[in-house]
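Below: the structure, in structure tokens.
The values are calculated or read from the model by the stated rules, or taken from the named source; none is laboratory data. Just so it is clear, the model here is predicted, and its values are computed rather than measured. When we count neighbours, we look across all protein chains shown, and the Cβ atoms used for this are built from the backbone with ideal geometry, even at glycine.
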């Protein structure tokens, strides 16, 4: 039993050498060949963080260029490449894998009481496929001038040579990784749950990962085939999308958005899950409308396939299809809005603790509400005609993708950091960073709403004089935002040396990763398969679960050793 | 101009703007109300129900069915109102009046070319009459572009190998920005232009002005391509659907009824205005009669042009 | 491996597990069910991959029906039909191999796997002759499409598109057959070594599922490209 940490107090043994997944094998090989979902999760986390850093620096360069009219620091071609790379890297190498592959890999199997995902070797393979995709993308970037924007619209993209071949194969390969991860997670959630963990006892994070995985499995093959066709078009001149060869560029847009709109849900659904867990934990309250929040994620995953055409109201698609797409867009908007109200309702009469993760959750509520409401404005057919392809759209998707997904990811990262590393970060630093990020974000992107609706088109290197004041404010905001992000990252990294040792359950949370394993967890997650007898947010049972008030929720020792379940 | 627009929207310059602006502000104010409600609730709850003691166990809150139904039903109704409104104005955007004045637009990297019904062309600046519906028929010669006039609240993608169209009716004289809003390469942000809205008289004068300045033969050459004469009549001697224009002037020509004539100014003019009068032997009687509406300037220009093809 | 891991593994009681059962599963059944579900999900992604191409096919067919009807007669329905029969036969033999695996009939398993493998190879050989035959007449995809000789009359607009779609669809399908051959070789070797019993034949079953999908996609490709 030397493998346990907290039983040490009972048996009187020393706690000097608790075995956990981080220290049981410290060799490089132990990391590179690992099939442990926790280590793979951390490797993803490191990889996507690098992508986020690079893409974020590109964004800063873009904003700096836009600080004043005319040339500020770079020429038009460089600028066009920078914003394209910013978009491509953020979307394909950061946001899509960020929550599902990094946090999902680490947390989800523990939350369902499994020893690992269903196919651990496939999981490792997915990681390396993703890395190969990333390397190809970087090669494409180094080979030459990618300036197509992240959408690769034909025929503009058809005119570029080798770099587009590299990038399309990169997207194809990274997509494969996404498919395999989604497949792995669906099977895991179906087949690997601990005894007693019924579908309506699943933590909402698991539900959201489940919905996300469905989208990954169903949508990614379409971008796969689109990229194959684009690749063939470039390599063999086959003429599917390029009008010069007899193809149709609007067909490309249909294919592209058939994937890329559901991909938006790959990005945002996991964030919904994190926010549900955070608000439940830090309000000590059952999440209001649990079933609605859980099932609407799955419903959104399917409905998300029917609204791609709302990106194309001015592209030349038929009026009738535009109208249908607009109506469907509203249908999907309502459940999303109701979720926000459920989260606010969860706080009602709760016991709210404004620790760092909760600050991110509250930022999310405010920013995502703005992102969602402006989304409704963009869904209004005739208003979209005016707003389409302006900074209004840029601001809208940054409110959803960054104010939504990235803020939720940061909240989740702070929340699970003690579990991942066994260290507590500096709380004061974390809170200041969260507030700074919130302010910087709004200064950067709210101004973009105004200039957008006033007619500032996106992807512009230079602009009319009346927009200069907005661009200046936005650029200043982006630097505030960057400072906030660096502070948050610094606080987390510093915890490795200066952080206090984390207890098993510092937040007194009720999901299995907190109540049934140590921080950091055992290499096999649990010493005994947990048996689940209650819901994930049954905080009214907290006194029984945690023992006497004020205890730290050390359920690992408090729970009598149940029989290992080996039916 | 004078009108500088509101906090959110640019100046309003077309008959479509006011309707769209009210729809924009309607959605906007609903959004503001919802946003403020959510934010206030978040802040009030965060303060009122803050954790006072680490062992706090909050009470169970039973779900309020009425409230939950309300927050599904009310947004649905609001959204349907907004949808219907948006749908109706979208149809209006796509229904140009039948009498709209039609201008051809060609987009290419990185400029806008306009061709008016009388053959006059301009680049960058689009001159249109005030208070008259104008319909633009647009195509691109290279990549995707998008035609956007913020003051008119209209936008439409311009696609190679396809025609797309957009219409507007300018309500005030003045100059408005044209912007390209579909990313098209290096000079995407430089692909600008202006709509210059003029009074009907000024516009007519402008429409004729450039034409008069041109030498007749030069103007004829322009008409030759713009009116698609070049589709059936070559100027290099190649046999197309109709006889070549090379060496036509002064040529002895035989007709299907056996008569002959020397091609002079009058013969050429007659052939344009009334093509079925004399059919050249060996060619089908296939020339359309749509050119009968040419005015004398245009006919003179074409004759001058054909005279030069020796 | 550190001592600690060994300790941890003892707790999980590896001793009573059959050799094929991975440590994170509790029972063989759970492992089999999980693998099968994973395979089904994978097949769904495959169907979606091909459906993208079917959409492209449909769009271009609707736009240029006369061109598609005209040039599809360039494809030899007899060779396509032969390949259909070959694939259907292999689908049957792969189903038989699963049957024999369940019955612990080692010989039947290996024989059926080998027949399946041969059918897959025949399919590719026929395909090879079809492709080279087309290439020799200048029938290439896209702008490279320049039929000459007797076929020059087929040099009409958008015929290149048809052949682009033909080559991509059959090419990607052919790639799946090639992958299938690789997997069948591996499975056959394992079957000869006696790895599969009625208690554990998951790889045979999963490969069979995959092979049925390859067959079904061809069943759709054949009439769409060769017959109509």
Worksheet item: Of the residues in the range A:315-349, how many are outside any helix (DSSP H, G or I) and facing chain B (nearest Cβ under 9 Å)?
Response: 4
Discussion item. For the list (1) touching a strand residue (DSSP E or B) at 6+ places or on another chain (Cβ under 9 Å); (2) farther than 20 Å from residue B:15 by Cα, I need the number of the one condition that residue B:137 fails.
Written reply: (2)
Worksheet item: Can you pull out the helices (runs of 4 or more DSSP H) entirely within the range A:18-108 that have at least 2 residues that are modelled with pLDDT under 90?
Response: A:28-32, A:76-88
Worksheet item: What is the residue count in the range A:422-467 for residues that are at the interface with chain B (Cβ under 9 Å from one of its Cβ atoms), assigned to a loop (DSSP other than H, G, I, E, B) and farther than 17 Å from residue A:60 by Cα?
Response: 5
Fill in: Residues of the range B:73-94 that turn out to be at pLDDT 90 or above and assigned to a loop (DSSP other than H, G, I, E, B), as a count
0
Worksheet item: Does any residue of the range A:268-276 turn out to be crowded, with 24+ Cβ neighbours inside 10 Å, within 23 Å of residue A:311 (Cα to Cα) and at pLDDT below 90?
Response: no
Worksheet entry | Members of the range A:510-544 found to be closer than 25 Å to residue A:293 by Cα and within 14 Å of chain B (Cβ to nearest Cβ), listed by number | A:510, A:534, A:535, A:537, A:538, A:539, A:540, A:541, A:542
Worksheet item: Could you count how many residues in the range B:89-98 are at the interface with chain A (Cβ under 8 Å from one of its Cβ atoms) and surrounded by 14 or more Cβ atoms within 10 Å (Cβ to Cβ)?
Response: 5
Item to complete: Identify, by number, the condition in (1) under 22 Å from the mean Cα position of the chain (by Cα); (2) over 30 Å from residue B:15 (Cβ atoms) that residue B:244 doesn't meet.
Response: (1)
Worksheet entry | Hits in the range A:433-446 (condition: crowded, with 20+ Cβ neighbours inside 10 Å and free of Cβ contacts under 8 Å to residues at least 40 places away in the same chain) | none
Item to complete: Return only the number of the condition from (1) over 30 Å from residue B:172 (Cα atoms); (2) at the interface with chain A (Cβ under 7 Å from one of its Cβ atoms) that residue B:10 does not satisfy.
Response: (1)
Fill in: Which listed residue is assigned to a helix (DSSP H, G or I) and modelled with pLDDT under 90, from C:134, C:127
C:134
Discussion item. As an exercise: evaluate residue B:169 against (1) within 14 Å of chain A (Cβ to nearest Cβ); (2) buried (at least 17 other Cβ atoms within 10 Å of the Cβ); (3) under 13 Å from the mean Cα position of the chain (by Cα) and give the number of the one condition it does not meet.
Written reply: (1)
Worksheet entry | In the range C:33-52, residue nearest to the other protein chains (Cβ to nearest Cβ) [restricted to those that are more than 16 Å from residue A:180 (Cβ to Cβ) and surrounded by fewer than 20 Cβ atoms within 10 Å (Cβ to Cβ)] | C:33
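Out of the range A:517-567, which residues are assigned to a loop (DSSP other than H, G, I, E, B), at pLDDT below 50 and buried (at least 20 other Cβ atoms within 10 Å of the Cβ)?
Within the range A:517-567, A:553 is the sole residue that qualifies.
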Worksheet, complete the sentence: Filtering the range C:79-110 for residues that are over 30 Å from residue C:157 (Cβ atoms), in contact (Cβ under 8 Å) with a residue 12 or more places away in the chain and in a helix (DSSP H, G or I) leaves a count of 21
Fill in: Every residue from the range A:350-387 that is at the interface with chain B (Cβ under 8 Å from one of its Cβ atoms) and more than 30 Å from residue B:166 (Cα to Cα)
A:350, A:351, A:352, A:353, A:354, A:362, A:365, A:366, A:369, A:370
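For the structure I just gave you, tell me whether residue B:125 is touching a strand residue (DSSP E or B) at 6+ places or on another chain (Cβ under 6 Å) and surrounded by fewer than 17 Cβ atoms within 10 Å (Cβ to Cβ).
Values: touching a strand residue (DSSP E or B) at 6+ places or on another chain (Cβ under 6 Å): yes; surrounded by fewer than 17 Cβ atoms within 10 Å (Cβ to Cβ): yes.
Taking the combined requirement at face value, the residue satisfies it.
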Worksheet item: Is it the case that residue A:230 is assigned to a helix (DSSP H, G or I) and facing another protein chain (nearest Cβ under 8 Å)?
Response: no
Discussion item. For the range B:141-166, give me each residue that is within 7 Å of chain A (Cβ to nearest Cβ), closer than 28 Å to residue B:12 by Cβ and part of a strand (DSSP E or B).
Written reply: B:146, B:148, B:154, B:155, B:156, B:157, B:164
Practice prompt. Spot the failing condition for residue A:197; the list is (1) more than 11 Å from every other protein chain (Cβ to nearest Cβ); (2) out of contact with any helix residue (DSSP H, G or I) (no Cβ under 6 Å at 6 or more places or on another chain); (3) surrounded by 21 or more Cβ atoms within 10 Å (Cβ to Cβ); (4) in a helix (DSSP H, G or I), and only one is missed.
Written response: (4)
Fill in: Complete set of residues in the range A:151-175 that are away from chain B (no Cβ under 14 Å), farther than 30 Å from residue A:213 by Cα and touching a residue at least 40 places away in the same chain (Cβ under 8 Å)
A:161
Discussion item. Of the conditions (1) modelled with pLDDT of 95 or more; (2) farther than 30 Å from residue A:314 by Cα; (3) at the interface with chain A (Cβ under 9 Å from one of its Cβ atoms), residue B:32 satisfies every one except a single condition; which number is it?
Written reply: (2)
Worksheet item: Among the residues of the range C:57-78 satisfying the criterion of being under 26 Å from the mean Cα position of the chain (by Cα), free of Cβ contacts under 8 Å to residues at least 60 places away in the same chain and part of a helix (DSSP H, G or I), which is surrounded by the most Cβ atoms within 10 Å (Cβ to Cβ)?
Response: C:61
